[in-house]
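Worksheet: the structure to be examined is printed underneath.
The values are calculated or read from the model by the stated rules, or taken from the named source; none is laboratory data. It should be emphasised that the depicted structure is a prediction, and the values quoted were computed from it without experimental measurement. Virtual Cβ from ideal backbone geometry, glycine too; neighbours counted across all protein chains shown.
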Amino acid sequence: MRGLFQRLGAALVFIDFRNLWLATALAQAASWGLIVTRGWLIYREAESSFLVGVATFAAMGPMLIVPPIVGVLADRMDRRLILQASYATEVAQSSALLLLALTGVLEVWMVVVASLVSGVARAASVPTAQATAASLVPPERLLNALSLTASTQHGSRLFGPALVTPLLALSGAPAAFAVSVVLYALALHRVSQVTPQRVLQTGPRESFVANFVGGLQYVYMRPVLRMMLLILVCHCAFTMAFESLLPSFSAERLSAPDEGFGSLMMGVGAGAFVASLGVSGIQTERRRGSTLILTGVLSGLGQVILALTTALPVAIAAAAMMGGAQAAFMTIGSAVTQSIATDEYRGRVASINSFSLGGMMATMNLLNGSIAEQVGAQPLLLIHGAIFVVIVGLTLLPATGRRVYGRTATPVAA
């Protein structure tokens, strides 16, 4: 057992990486706690999936704008400063929500504005943390470090909702907002312990646009990297844009308007945490590819099973299956993209990853929330899950897809 923990947590022996990992874990838990709190509050006040979708889009929409700028900055300056500024902003917006809720003047539009502020900060911190993690460990620990970093993002779906869901039932939104303030403050403190990391970009200093275009060209010239990003975008579109659907799904399909949303998010988080840690010990490219295929299929099937059930316990189990498969798929996919990229491009590759995936999730959450107003959440969950299962099969047909999945003798990074 001790050997297993040492293998799964091999990168944690490096103190800077350990501090970054803890900071990321705390911040991500606070973020998912806010997602549950905002969805619960808005649906309780307005009973509108569309408005939940608007708030979710406000939180994720900045992924369409911020990462290209931050990606260039992360390759030019101390990445720790970007993280500190992001977490300080999160402390401020969470504190504002807490004060507004305590004084009884909090309205839906205020929650949407705070979601936008939080979204900008998160759009800056996620790709920066990913690029920083890759530079804090030696090459032989890279996959483990990136898997552990991804585990914080996916595992936080358990810990964030687990902290706020009981508080929402007992005390309402103010207590849940207070938890987010504390978590973000602890994340800010922990990331401040990381040794300053200055990454010097090679070559002449260019404009932001030229630098970002250079990152796009870098991705485009590497077929495996390009294909991996395309698959990840499809995955986010069809299996990971469910936040705007679960409040109404819980109320209408599961008859659990209060505890259902938080319970499902905890189920997703529990599966995600276990799976993202489990894949951190994968050593070979072929096994990594086989796991990608399996978890891709299970991502879609888990969502189909969730859509078909009407019992909350079964729905939670399906959510755990779905969350575990999604987390493993995204963890390995992110590890592939960062392992291919060289350090001077990691900030931009991470930003392109966040820009593409976060932007797709934001857009699909808004679209899903709008469509669910007309047809309900259940058909969308069912159809989207089935579509992604088909996509996994189709991506196995071209040679580049088979290289992504380790089905050929050609190395992934080639």
Test: residue in the stretch 314-336 that is aromatic (Phe, Trp, Tyr) and within 21 Å of ASN144 (Cβ to Cβ) = yes
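Any chance you could count how many residues in the stretch 333-349 are free of Cβ contacts under 8 Å to residues at least 60 places away in the same chain and in a helix (DSSP H, G or I)? Before the answer, list the steps.
Step one: list which residues in the stretch 333-349 are free of Cβ contacts under 8 Å to residues at least 60 places away in the same chain, which gives 342.
Those still in the list that are in a helix (DSSP H, G or I) too: none.
The total comes to 0.
Counting only residues that are surrounded by fewer than 18 Cβ atoms within 10 Å (Cβ to Cβ), aliphatic (A, V, I, L, M) and closer than 11 Å to GLY53 by Cβ, how many does the stretch 354-389 have?
The initial filter retains those residues of the stretch 354-389 that are surrounded by fewer than 18 Cβ atoms within 10 Å (Cβ to Cβ), namely 367, 370, 373-376, 379, 382-383, 386-387.
After this cut, where a residue has to be aliphatic (A, V, I, L, M) as well, the list is 367, 375, 382-383, 386-387.
Those still in the list that are closer than 11 Å to GLY53 by Cβ too: 367.
Qualifying residue count for the region: 1.
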Take the residues in the stretch 244-254 that are polar (S, T, N, Q) and in a helix (DSSP H, G or I), then tell me which one is farthest from VAL375 (Cα to Cα).
-> SER250
Considering every residue within the stretch 60-76, establish whether at least one is touching an Asp or Glu at 6+ places or on another chain (Cβ under 8 Å) and closer than 26 Å to LEU216 by Cα.
-> yes
Failed item in (1) surrounded by fewer than 24 Cβ atoms within 10 Å (Cβ to Cβ); (2) under 18 Å from MET110 (Cβ atoms), with ALA10 passing the rest = (2)
Within the stretch 149-166, identify whether any single residue is without any contact (Cβ under 8 Å) to a residue 24 or more places away in the chain and either in a helix (DSSP H, G or I) or touching a helix residue (DSSP H, G or I) at 6+ places or on another chain (Cβ under 6 Å) (or both), and answer yes or no.
-> yes
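Here is a yes/no grid of residues against (1) within 22 Å of LEU158 (Cβ to Cβ); (2) in contact with a Lys or Arg (Cβ under 9 Å, 6 or more places away or on another chain):
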{"residue": "ALA30", "(1), (2)": "yes, no"}
{"residue": "ALA74", "(1), (2)": "no, yes"}
{"residue": "LEU83", "(1), (2)": "no, no"}
{"residue": "GLN93", "(1), (2)": "no, no"}
{"residue": "VAL112", "(1), (2)": "no, yes"}
{"residue": "VAL117", "(1), (2)": "no, no"}
{"residue": "ARG122", "(1), (2)": "yes, no"}
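Which residue out of ALA315, ALA386 is more than 24 Å from MET227 (Cβ to Cβ), modelled with pLDDT of 85 or more and not hydroxyl-bearing (Ser, Thr, Tyr)?
ALA315
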In the stretch 49-85, anything surrounded by 24 or more Cβ atoms within 10 Å (Cβ to Cβ), polar (S, T, N, Q) and closer than 20 Å to TYR184 by Cα is listed as THR56
Scan the stretch 86-106 for residues that are in contact (Cβ under 8 Å) with a residue 12 or more places away in the chain and either crowded, with 18+ Cβ neighbours inside 10 Å or not small (Gly, Ala, Ser) (or both) and jot them down.
-> SER86, TYR87, THR89, GLU90, VAL91, GLN93, SER94, LEU97, LEU98, ALA101, LEU102, LEU106
Determine if the stretch 230-243 includes at least one residue that is modelled with pLDDT of 85 or more, hydroxyl-bearing (Ser, Thr, Tyr) and either buried (at least 21 other Cβ atoms within 10 Å of the Cβ) or in a loop (DSSP other than H, G, I, E, B) (or both).
-> yes
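Just one of GLN28, GLN84 is closer than 30 Å to SER248 by Cβ, modelled with pLDDT of 85 or more and either touching a Ser or Thr at 6+ places or on another chain (Cβ under 6 Å) or of a type outside the set (Val, Ile, Thr) (or both); which is it?
Numbers: GLN84 fails: closer than 30 Å to SER248 by Cβ.
Among GLN28, GLN84, only GLN28 is closer than 30 Å to SER248 by Cβ, modelled with pLDDT of 85 or more and either touching a Ser or Thr at 6+ places or on another chain (Cβ under 6 Å) or of a type outside the set (Val, Ile, Thr) (or both).
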Can you name the residue in the stretch 210-224 that is farther than 15 Å from PHE355 by Cα and of a type in the set (A, V, I, L, M) and is also surrounded by the fewest Cβ atoms within 10 Å (Cβ to Cβ) among such residues?
-> MET221
